[in-house]
There are 2 protein chains.
Amino acid sequence: MIIAIIGGTGKEGKGLAYRWAKAGHQIIIGSRKLEKAQRITSQLKEEFPELEDIEGLANPDAAQKAELVVITVPFAAHVPILEAIKEHVQGKIVVDVTVPLVPPKVTRVTIPAAGSAAQEAQDILGDDVRVVSAFQNVSYERLLEDAESLCDVLVCGNNKEAKETVISLVEDAGMKGFNAGPIQNSIVSEGLTSVLININKKFGVHSAGIKITGIE
Amino acid sequence: MIIAIIGGTGKEGKGLAYRWAKAGHQIIIGSRKLEKAQRITSQLKEEFPELEDIEGLANPDAAQKAELVVITVPFAAHVPILEAIKEHVQGKIVVDVTVPLVPPKVTRVTIPAAGSAAQEAQDILGDDVRVVSAFQNVSYERLLEDAESLCDVLVCGNNKEAKETVISLVEDAGMKGFNAGPIQNSIVSEGLTSVLININKKFGVHSAGIKITGIE
C-alpha cells in the first residue's frame, strides 16, 4: 500500500515509516518543506539501509500520491495541515494520530471543541473521507527498535472496513489493534496519552503503554 | 476505614463491598431505600458468611456515618444522588465510579458538559470535598470471584494524598492503582468503559480490561 505520513519528519512518524517500510509498504514522508522531507528520508535510509521504498514530498503532494494518509502532527498544526491536504485525501482513509496536548500542561487531558482531535479531522475533511484514529499511545522509542511492542492500539472510526484496514496496518507495524468504536470514542485514546505521561513521570520511564486483558 | 458505598446495591458496588469487607474495612451499603440497602446487605452476608462488618443504610445516613464515600450509580442518578449526599460528605474523600453511559448507545463515549462525570461531582460537591475517580473499568463479575484481577485501575483527582488513600484501597481490593492525573483526566477512564464494551462485544467476553505496561 502507498502510505503518506504527514508530519513524517517527527519522531512518531519516522517510527511508523520504519515499521511499515520494513513490512513492504511504499512510504512517502510528508513535511511542510520538501527539502526537510527529503533530508529526513535520506537519514532514515542511511540509518536503515534495508529500507527501500521511501521518498520525501511536500505534504499536499504526499497526500495526493498516497492511497492512505497518516497524520502525525502537533495539535497546534492539526487544523492548518488538515486544510492543506483536504482536497488531496477525498475518498481515502486518513489515519489521525494527533493528540490534543497543550504544552506545557501535557499531563492534563484537553478536550477539543469537536470532542476529540479525530472528530475535528472528520468534521473538516468531510464525509467522503474515512477518518480512523490510532497509534496515539505508542512510544516512538520502541518503534525504531525492533523490540516487541508493549502497547496495544485502540482504533476508532465510523467506517468498519476502514478500521479493519487500519487494524491490519497495526499488525504490519508489529502491534495488536482493537476496534474501539466510533470516531467520537477517540477522546479516550487521545486522553490516554496524558494519563501515560503521568505514569511515565511517576515511574521514571518513557514507554508506559496499555495492553487489553480478559479477551481469551 | 468506614466506607459507604452509595448505590451499593448494584453489581459493581456489591463487588467492591465484598472485596473491602474481606480486607477488614467497615462497610455501609447505601441505597435510596433503607429496606433495599438492608435486604442486599443480608443477601451478601448469607452468600459470604465470612464477611462481618457490613450494614445497610439510606444514602444520606450512609454518607454521614462513613469516613470515605464511594459512588457507584447509573449516570442518570448521578446529579440527584450528589445533591442528596452533599452536606454529608463535606471534608471527606468521595470516590466516584460513575460512567456517563447513555443507554442504549453504551458503546459510544458521551462527554458530560463538565468534561467528565467526576468533574461534575467535584463541581457539585465543592472544594472541601476531595473527589477521586477510580474503578470505572473493573468488571464486577471478577470482583465477586476470588480471581486475580485482570484490570489495573486509573485513579484521577486534584488532591495527591486523597489519590494515595484510594490507591491503597485499590490494593486492598486486590488490584493495582495508578495515579492518572487531575480530575479532568477522568474522561479517559470513564470513556474507556465504552471502549471495553466494544471489545467485549467483538470477542464475546464480559471482562475485557487494561493493564499498564512498560513501567519496569
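The values are calculated or read from the model by the stated rules, or taken from the named source; none is laboratory data. Predicted model only: the values in this text are computed from it and were never measured. In this analysis, Cβ positions are derived from the backbone assuming ideal geometry, glycine residues included, and neighbour counts consider all displayed protein chains.
In region B:179-195, how many residues are more than 7 Å from chain A (Cβ to nearest Cβ) and in a loop (DSSP other than H, G, I, E, B)?
0
Going through region A:86-117 one residue at a time, which ones are within 18 Å of the chain's Cα centre (by Cα) and small (Gly, Ala, Ser)?
A:Ser116, A:Ala117
Every residue in region A:6-33 that is hydroxyl-bearing (Ser, Thr, Tyr) and within 18 Å of A:Pro60 (Cβ to Cβ), please.
A:Thr9, A:Ser31
Would you confirm, using the coordinates I've provided, whether A:Leu169 is more than 26 Å from A:Thr213 (Cβ to Cβ) and either of a type outside the set (Lys, Arg) or free of Cβ contacts under 8 Å to residues at least 12 places away in the same chain (or both)?
Working: more than 26 Å from A:Thr213 (Cβ to Cβ): no; either of a type outside the set (Lys, Arg) or free of Cβ contacts under 8 Å to residues at least 12 places away in the same chain (or both): yes.
So A:Leu169 fails the test.
Tally time: how many residues in region A:126-149 are surrounded by fewer than 23 Cβ atoms within 10 Å (Cβ to Cβ), within 30 Å of A:Glu87 (Cβ to Cβ) and without any contact (Cβ under 8 Å) to a residue 60 or more places away in the chain?
The total comes to 4.
Which of (1) modelled with pLDDT under 95; (2) in a helix (DSSP H, G or I); (3) not charged (D, E, K, R) does B:Asn198 not meet, given it meets every other one?
(1)
Kindly evaluate A:Val153 against the criterion of being β-branched (Val, Ile, Thr) and within 13 Å of A:Ile93 (Cα to Cα). Can you show your working first?
On the way: β-branched (Val, Ile, Thr): yes; within 13 Å of A:Ile93 (Cα to Cα): no.
It is false that A:Val153 is β-branched (Val, Ile, Thr) and within 13 Å of A:Ile93 (Cα to Cα).
Failed condition for B:Val195, given (1) under 29 Å from B:Phe48 (Cβ atoms); (2) among the β-branched types (Val, Ile, Thr); (3) out of contact with any Lys or Arg (no Cβ under 8 Å at 6 or more places or on another chain), with all others met?
With respect to (1) under 29 Å from B:Phe48 (Cβ atoms); (2) among the β-branched types (Val, Ile, Thr); (3) out of contact with any Lys or Arg (no Cβ under 8 Å at 6 or more places or on another chain), B:Val195 is out only on (1).
State whether one or more residues within region A:159-178 are over 30 Å from B:Ala147 (Cα atoms), facing another protein chain (nearest Cβ under 7 Å) and either at pLDDT 95 or above or in contact with a strand residue (DSSP E or B) (Cβ under 8 Å, 6 or more places away or on another chain) (or both).
no
Tell me which of these A:Asp152 doesn't satisfy, since it passes every other one: (1) within 27 Å of A:Ile85 (Cβ to Cβ); (2) within 15 Å of the chain's Cα centre (by Cα); (3) crowded, with 21+ Cβ neighbours inside 10 Å.
Tallying (1) within 27 Å of A:Ile85 (Cβ to Cβ); (2) within 15 Å of the chain's Cα centre (by Cα); (3) crowded, with 21+ Cβ neighbours inside 10 Å, A:Asp152 fails exactly one: (1).
Looking for something over 20 Å from A:Ile187 (Cα atoms) and among the small types (Gly, Ala, Ser) - is there at least one such residue anywhere in region B:90-100?
Among the residues of region B:90-100, at least one is over 20 Å from A:Ile187 (Cα atoms) and among the small types (Gly, Ala, Ser), which makes the answer yes.
Can you pull out the residues in region B:180-211 that are more than 15 Å from the chain's Cα centre (by Cα), surrounded by 22 or more Cβ atoms within 10 Å (Cβ to Cβ) and closer than 30 Å to B:Gly24 by Cα?
Of everything in region B:180-211, those that are more than 15 Å from the chain's Cα centre (by Cα), surrounded by 22 or more Cβ atoms within 10 Å (Cβ to Cβ) and closer than 30 Å to B:Gly24 by Cα turn out to be B:Ala180, B:Gly181, B:Ala208, B:Gly209, B:Ile210.
Taking region B:81-103 on its own, how many of its residues are surrounded by fewer than 18 Cβ atoms within 10 Å (Cβ to Cβ) and within 14 Å of chain A (Cβ to nearest Cβ)?
The qualifying residues number 1.
Taking the criterion of being surrounded by 21 or more Cβ atoms within 10 Å (Cβ to Cβ), more than 14 Å from B:Ser186 (Cβ to Cβ) and of a type in the set (Ser, Thr, Tyr), would at least one residue in region B:69-80 satisfy it?
Checked against the condition, which is being surrounded by 21 or more Cβ atoms within 10 Å (Cβ to Cβ), more than 14 Å from B:Ser186 (Cβ to Cβ) and of a type in the set (Ser, Thr, Tyr), region B:69-80 yields at least one hit.
Within region A:155-166, is there a residue that is more than 19 Å from B:Ile199 (Cα to Cα) and not in a strand (DSSP E or B)?
Residues of region A:155-166 more than 19 Å from B:Ile199 (Cα to Cα): none.
For region A:155-166, residues more than 19 Å from B:Ile199 (Cα to Cα) and not in a strand (DSSP E or B): absent.
Considering region B:110-132 alone, what residues qualify as being of a type in the set (A, V, I, L, M, F, W, C), part of a loop (DSSP other than H, G, I, E, B) and in contact with a Pro (Cβ under 8 Å, 6 or more places away or on another chain)?
B:Ile111
What pairs come out if I take residues in region A:1-17 that are touching a residue at least 40 places away in the same chain (Cβ under 8 Å) and within 16 Å of A:Lys45 (Cα to Cα) and pair them with residues that are in a strand (DSSP E or B) and of a type in the set (Ser, Thr, Tyr) whose C-beta lies under 7 Å away, six or more apart or interchain?
As it stands, the answer is A:Gly8/A:Ser31, since those pairs meet every condition given.
Considering region B:162-186 alone, what residues qualify as being closer than 23 Å to B:Lys22 by Cβ and among the β-branched types (Val, Ile, Thr)?
B:Thr165, B:Val166, B:Ile167, B:Val170
Look through B:Val205, B:Val138 and report the one residue that is outside any helix (DSSP H, G or I), over 19 Å from A:Val195 (Cβ atoms) and within 13 Å of chain A (Cβ to nearest Cβ).
Matching residue, one of B:Val205, B:Val138: B:Val205.
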